Amino acid sequence: MMSNDLPPILVSACLMGEPCRYDGKDYPCPAAQNLADTRTLIPICPEVMAGLPTPRTCAELQPDGRVIDADGVDRTAAFEAGAHEAVRIAREHDCKQAILKSKSPSCGKGLVYDGTFSGTLVPGMGKTAQALIDAGIEVLSENDCADLQS
Ligand code: SF4
């Protein structure tokens, strides 16, 4: 990946074509991938970094902040561990920005599924998105790539 003097950008690995989603698929985003021509991109998958398998049971944020999977298993600790690791990597590489996959209970910014596994979106923040923002890193979704300086 080509780089310049601008700081590296953290990117959800599924946007870069990694098949790391809960269903074993990727979610390739050409706009994010094209940034690699001019910026150093650092792919991360917080859920995989936390040791969760792929594929894995779908999980959603609950109104009380826990993350519960569709089998009723509490995955909060793993999602928080993944968020912590994402912040550590961002700091290690001096990232100022992150491009994260929308709607995910880890990576989603602004909108997440409501915890009922019914496809209903509500305002909210994924665990990693919130942790990165708390660490002072600007979080964008894959829909905001055009806003990035290249
Ligand atoms: S945790 Fe983030 S990077 Fe990993 S599959 Fe989900 S949205 Fe993609």
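Taking each residue of the range 14-34 that is on the phi > 0 side of the Ramachandran plot and looking for partners that are more than 9 Å from the ligand (Cβ to nearest atom) and modelled with pLDDT of 95 or more with beta-carbon atoms closer than 6 Å, six or more apart or interchain, yields GLY17/PRO28; GLY24/PRO55. Quick check: anything in the range 51-63 more than 16 Å from the ligand (Cβ to nearest atom), in a loop (DSSP other than H, G, I, E, B), small (Gly, Ala, Ser) and surrounded by fewer than 13 Cβ atoms within 10 Å (Cβ to Cβ)? Taking every residue of the range 51-63 in turn, none turns out to be more than 16 Å from the ligand (Cβ to nearest atom), in a loop (DSSP other than H, G, I, E, B), small (Gly, Ala, Ser) and surrounded by fewer than 13 Cβ atoms within 10 Å (Cβ to Cβ).
Looking at the range 6-19, is at least one residue among the β-branched types (Val, Ile, Thr) and within 24 Å of ALA135 (Cα to Cα)? Yes. Considering only the range 118-150, how many residues are within 16 Å of the ligand (Cβ to nearest atom), touching a residue at least 40 places away in the same chain (Cβ under 8 Å) and outside any strand (DSSP E or B)? Qualifying residue count, the range 118-150: 11. Looking across the range 92-117 at every residue that is loosely packed, with under 15 Cβ neighbours inside 10 Å and outside any helix (DSSP H, G or I), the one that is nearest to the ligand (Cβ to nearest atom) is identified as GLY110. None of LEU52, LEU61 is under 16 Å from LYS109 (Cα atoms) and under 17 Å from the mean Cα position of the chain (by Cα) except LEU61. Inclusion of ARG39 among residues that are basic (Lys, Arg) and in a helix (DSSP H, G or I) is not warranted. Checking the stated criteria, ALA32 turns out not to satisfy the condition of being assigned to a helix (DSSP H, G or I) and touching a Gly at 6+ places or on another chain (Cβ under 9 Å).
The values are calculated or read from the model by the stated rules, or taken from the named source; none is laboratory data. Everything numeric in this text was worked out from a predicted model, so none of it was measured. Using ideal geometry, Cβ is built from the backbone for each residue, glycine included, and neighbour counts are taken over all protein chains shown.
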